[in-house]
Amino acid sequence: MSENKQFRSEEARKNYEKAERQRIQAAKRKAMNAKKAEMSNQAKAWLKQNPLKALVAAAIVIAVIALAAAAVNTVTDPLRGKQDNWLIINVSNTQNHDYRHLANFDIPAGYTLDDYSTYSDKTTQDFFCIADDKAAIVQDVYISGSKNLRAADFPATILSYNLHKEAGEPRTLTIGGQPCTALYLVTDESEYYGEGLHMAHMSFYFDTDEGACVTATFRSNMMPLDQVPDEATMLAEAERILANLTLTK
C-alpha cells in the first residue's frame, strides 16, 4: 500500500495507510448499498407485477416461522404444561435460569402441604408436607432437588456437619423401581426444643437424567432418645409415602 511512497515520518506513513483503509472500506460500503438498492427495486417491481403470488409466499413464510417456533418451544421449554405436582429445580450455575422437571409428587393421604420452601423464586417447586395426626410416626416430609451433589455423595456430606447423635450406615436401595441412596440418623434437639428431646430422620437421594438429584427427607416427632423410631420403622413409613413420588425419565 505504501511501499513506493516516501514519508517524512513513521507517523505520517501510518496516517496515510489508515486513510487508505478507510477509503477502501467506504468504497465497499457504497457498492454494497448500491447492490441492496438494486435488489430492493427488483423485489418491489416483482411484487407489483405478482401481488397474488406475493401474498401466498408471505403466508408460507409465516407458517414456517410459526412451526419452527413451536418446535423450539417443545424441545427447549421443560415447563410447558406445568402442573402443581411437578418437582422443579433450576440447574443453572449462572444467572440464566435453566429449569428442569425432575419428578411428580402427589400429596400423600394424611398430610397437608405447607408453604415452606428453601427457594426464593416462584418457578422452582418443592414440597413440604406436615402430618395431620400429631401421633404419626413421620411428622413431616420434604421433597426437593439438588444440582450440586449426586446421590452417592449425600450421606458423607450430611454426616460431615456433625449434627447427628446417632447414624446408620448409608444404604443403596431400590424404591419404586428407582435406585437410591438412603441414610438414617438421629439428632439431639435439646438445645432448641427442650432437654432430652430427639428426632429421627430418614433421607433418600435419587439421581436423575437431568444431572440433578431428588431428595426426600422424613422426620419423626421429638421425643426421648429411647422412644425415637428406629431405622426399620422410619424406612417402612417412608416407603409408603414414596409411592407418591415418580421421577421423570
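Each reported figure results from applying straightforward, stated rules to the coordinates on display, with no laboratory input. Just so we're clear, the structure is a prediction, and the values are computed from it rather than from any experiment. Note that each Cβ is placed from the backbone with ideal geometry, even for glycine, and that neighbours are counted across all protein chains shown.
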* **Ordering of 118-129, 133-144 by packing [mean C-beta count within 10 Å, highest first]** => 133-144, 118-129
* Please give the net charge around residue 89, taking every other residue with its beta carbon less than 11 angstrom from that of residue 89, where Lys and Arg add +1 and Asp and Glu add -1. => -2
* Provide the gained length on full extension for the span residue 173 to residue 132, in nm with one decimal, where the gain is 0.36 nm per separating residue minus the Cα-Cα distance. => 11.9 nm
* Multiply the residue separation of residue 106 and residue 243 by 0.36 nm, subtract the distance between their alpha-carbon atoms, and state the gained length in nm to one decimal. => 48.4 nm
* Asked: If you take the beta carbon distance between residue 34 and residue 113 as r and set R0 to 45 Å, what does 1/(1 + (r/R0)^6) give as a FRET efficiency, to the nearest 0.05?
  -> 0.10
* If we count other beta carbons within 10 Å of each Cβ, what is the order of 186, 214, fewest first? -> 186, 214
* Vicinal HN-Hα couplings computed from phi for the stretch 208-222 (Karplus, 6.51 cos²θ - 1.76 cosθ + 1.60; Hz; Gly/Pro x) -> 10, 5, 8, x, 10, 10, 8, 10, 10, 10, 10, 10, 8, 5, 8
* Which order results if 240, 219, 100 are arranged by neighbouring Cβ count within 10 Å, fewest first? -> 240, 219, 100
* Asked: How many angstrom lie between the C-alpha centres of the stretch 200-246 and the stretch 116-172?
  -> 8 Å
* Asked: Amide H neighbours of residue 221 under 5 Å, counting only residues 5+ apart in sequence or on other chains, H built in-plane at 1.01 Å?
  -> 139
* Structure fact -> Pairs over 29 Å Cα to Cα, from 122/249; 134/165; 134/249, come to 134/249
